[in-house]
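A short write-up of the structure that comes next.
The values are calculated or read from the model by the stated rules, or taken from the named source; none is laboratory data. Bear in mind that the values here come from a model prediction, so they are computed numbers and not experimental data. Here Cβ is always computed from backbone atoms with ideal geometry, including for glycine, and neighbour counts include all displayed protein chains. Surface areas here come from the heavy atoms of the whole protein model, side chains and all, with no ligands, DNA or RNA. Shrake-Rupley method; radii C 1.70, N 1.55, O 1.52, S 1.80 Å.
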Amino acid sequence: MKAFYRWAVMAVCACLLALPATAAPYKSEYKLSVVPGATSGWGMTGTFFADLVRERSQGRINIKVYHSSQLLAGKQTSEFLLLRNGAIDFALASTINWSPQIKELNLPALPFFLAVQPDRYKAMDAILAGKSGKMMTQAVEKKGVKIIGWTENGFRELTTSKGPITRPEDLRGLKIRVVGSPIFIETFRALGANPVNMNWSEATTGFQQGVVDGQENPTNGINIPLKIWDYHTFHCDWHYIIDPLMLGVNPRVWKSFSPEDQKLLLECAAETEKYGKALSRLGMDDGSALAYLKSIGKLPETTDPYAVMEANGMTVSRLSNEQIAALAKATEGVRKDWTAKIGADLVKAAEEDMASV
Ligand code: X2X
C-alpha cells in the first residue's frame, strides 16, 4: 500500500511538471487607483484609459477605476506601496504622491523650475521625451512598479480667500493646505506662508470650514471641477510647479498579460497621454489642446478657464514674468537643497532637455 502511495505521488508530480507553462488567467477585474474624484480632469483621464482598454480588448481586460482615494483609505502617499505589493493593479498617479518613496519624482515639484521657461508646456514635453523623463521612469521601475505611460494633471495654481497674491509678501502668514510631501512644506515656508499637510480626502471639508486660507491645484483638472470659488475667490496664476501623472502597473500583473495585450495597453496609454494633457492645457496653451479635443469629439462645455473663474466671481491675477521671477527668487534655497536630494545629474538632464526645445 505504502509503495502505491509513493508511486501515486510521484505520478502526480510528474504530470504537473509535464504541464505546459500556461499564463495565469486574467482577473475578472483590475483595480485602478485615482486620488481625486470622478469629475476631476485626472479622474476623467483614468476613466478614459479604462474605457479604451475595455473597448479595444473586447472586454478581456476589465479595469475598474476607484476614484477619490477609495483604495488608499484616504492616504494618498501610501498608493505606491499598495500598487507595488499588488493590493492595487493599476494607478493613474501623481509624481507628488509617490515622491516620499522615490526622491527623483520631486523634480516636477522643484519650485518655479518650469515656470520661468519660455514655453512651460514644451518644457514639460521635452522632459518626458528626453533623458530626464527616462531617468524618472527608471527610478520608479527600480523601486518595483512598471510605468506604461505619462500624462498630466496640470500646473498648480494658488487659490486663496484672503486677497490677491502677486508678491511673496502677500503670502506672509497665510495658512495653505499642501500635500504631505516635504518639498511643499519647505517651498511655502520659504515664501513666508504657514503650510499645513492635509490629505485630499479631507481637504474640501477643510476649505469649507475655513481651516486654511488657501491651497494649490491645477485649474482645469481640480479647481474648476471642485468649484473652488465656493471657498476661495482669489486665483494666482503663477505656474509654480507642474503635476505630471504616471500610468503605473504592478509588475506581476504586467507580466501576466500576453505580448499582444501589453502592446494594446501601451497604445491605450499613449492615447491617454494626449487626452489628459489636452484636458489640463485647454485654454492655456497655443490652441493645440482645443484642436485635439475637438478632433476626438470630447470638447468640454467650457473651453476658457479664465472666463469660467471670472464668471464665478474670482479675481484672477495673471502674473508677469517679473512677478514670477520675484517669487522664484524667494524659493532659491529650496531649489538648491532639493537639487541635491533629487540628484544633481537628474536636474542637469532636465535643464538640458528643456534647453533643447
Ligand atoms: O492632493 C492634491 O492636491 C492632489 C489631488 O492634487 C494630489 O493628489 C497631488
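Can you check what the net charge comes to around residue 216, using other residues whose Cβ is under 11 Å from the Cβ of residue 216 (Lys, Arg +1; Asp, Glu -1)? Don't skip to the end; give the middle numbers.
Working: positive: 156, 177; negative: 157, 243.
Value of the local net charge: 0.
Go through the range 156-161 residue by residue and turn each phi into a ³J(HN,Hα) via Karplus (6.51, -1.76, 1.60, θ = phi - 60°); whole Hz please, and just put x for glycine and proline.
Karplus values, whole Hz, x for Gly and Pro: 8, 10, 8, 10, 9, 9.
Got a number for carbon plus sulfur as a percent of the range 306-357's accessible area, 1.4 Å probe?
On the way: 1430 of 2840 Å².
Carbon-and-sulfur percentage of accessible area, whole number: 50.
To make sure I understand the rule: partners must be aspartates and glutamates, Cα under 14 Å from the Cα of residue 31, and not fewer than 8 residues away in the same chain. Which ones qualify?
List returned: 51, 79, 89.
Could you order the peptides 167-177, 259-269 from most to least packed, using the average number of other C-beta atoms within 10 Å per residue?
On the way: 167-177: 17.5, 259-269: 16.0.
Order by mean packing, descending: 167-177, 259-269.
At a threshold of 8 angstrom on Cα-Cα distance, excluding pairs fewer than six apart, so keeping six or more, what relative contact order does the range 267-357 reach in percent?
Values: 31 pairs, mean separation 12.6, N = 91.
Relative contact order, the range 267-357: 14 percent.
Please give the peptides 196-206, 25-35, 239-249 ranked by average Cβ packing (other Cβ atoms within 10 Å per residue), highest first, as a rough proxy for protection. All intermediate terms of the calculation are to be shown ahead of the outcome.
On the way: 196-206: 17.3, 25-35: 18.8, 239-249: 24.8.
Peptide ranking by packing, descending: 239-249, 25-35, 196-206.
Total Lys pairs in the range 59-139 closer than 29 Å by alpha-carbon, pairs eight or more apart in sequence or interchain only?
9
If you look for lysine pairs in the range 188-319 that are eight or more places apart or on different chains, how many of them have Cα atoms under 16 Å apart?
Working: 255/263; 274/294; 274/298; 277/294; 277/298.
Lysine pair count for the range 188-319: 5.
Roll a 1.4 Å probe over the protein chains and send me the accessible area per residue for the chain in Å². Walk me through the numbers before you get to the answer.
Details: 15920 Å² over 357 residues.
Value for the chain: 45 Å² per residue.
Search the structure for amide H atoms under 5 Å from the amide H of residue 94, placed 1.01 Å from N in the peptide plane, and list their residues when 5 or more places away or on another chain.
246
Using amide H atoms built in the peptide plane, which far-off residues or other-chain residues are under 5 Å from residue 74 H to H?
Long-range HN contacts for residue 74: none found.
Net charge near residue 202, counting Lys/Arg +1 and Asp/Glu -1 over other residues with Cβ under 15 Å of its Cβ?
Values: positive: 75, 175, 177; negative: none.
Cβ neighbours under 15 Å give a net charge of +3.
Using modelled amide H (1.01 Å from N, peptide plane; none on Pro or chain starts), what sits under 5 Å from the amide H of residue 178, excluding residues fewer than 5 places away?
196, 197, 198
Roughly how many percent of the accessible protein surface of the range 232-278 is carbon and sulfur, given a 1.4 Å probe and a whole-percent answer?
Details: 880 of 1500 Å².
So the carbon and sulfur contribution to the accessible surface is 59 percent.
Give the shape of the range 264-357 as rounded, prolate or oblate, defined through the alpha-carbon gyration tensor: a ≥ b ≥ c are the square roots of its eigenvalues, a/c under 1.5 means rounded, and otherwise the shape is prolate if a/b is larger than b/c and oblate if not.
Values: a/c = 2.75, a/b = 1.26, b/c = 2.18.
It is oblate, given that a/c is not under 1.5 and a/b is not larger than b/c.
What net charge is computed for the residues neighbouring residue 131, neighbours being all others with C-beta under 14 Å from the C-beta of residue 131, Lys and Arg scored +1, Asp and Glu -1? Mind showing how you got there, number by number?
Working: positive: 134, 348; negative: 104, 125, 345, 351, 352, 353.
Net charge in that neighbourhood comes out at -4.
Heavy atoms of the protein only, probe of 1.4 Å, neighbouring chains included. What is the accessible area of residue 356 in Å², nearest 10?
Solvent-accessible area, nearest 10 Å²: 90 Å².
Kyte-Doolittle mean at least 1.0 and Cα extent at least 20 Å along the axis: which DSSP H helices of the chain qualify?
Details: long enough: 2-18 (24 Å, 1.42); 41-56 (22 Å, -0.14); 259-281 (33 Å, -0.82).
Correct list, ordered by number: 2-18.
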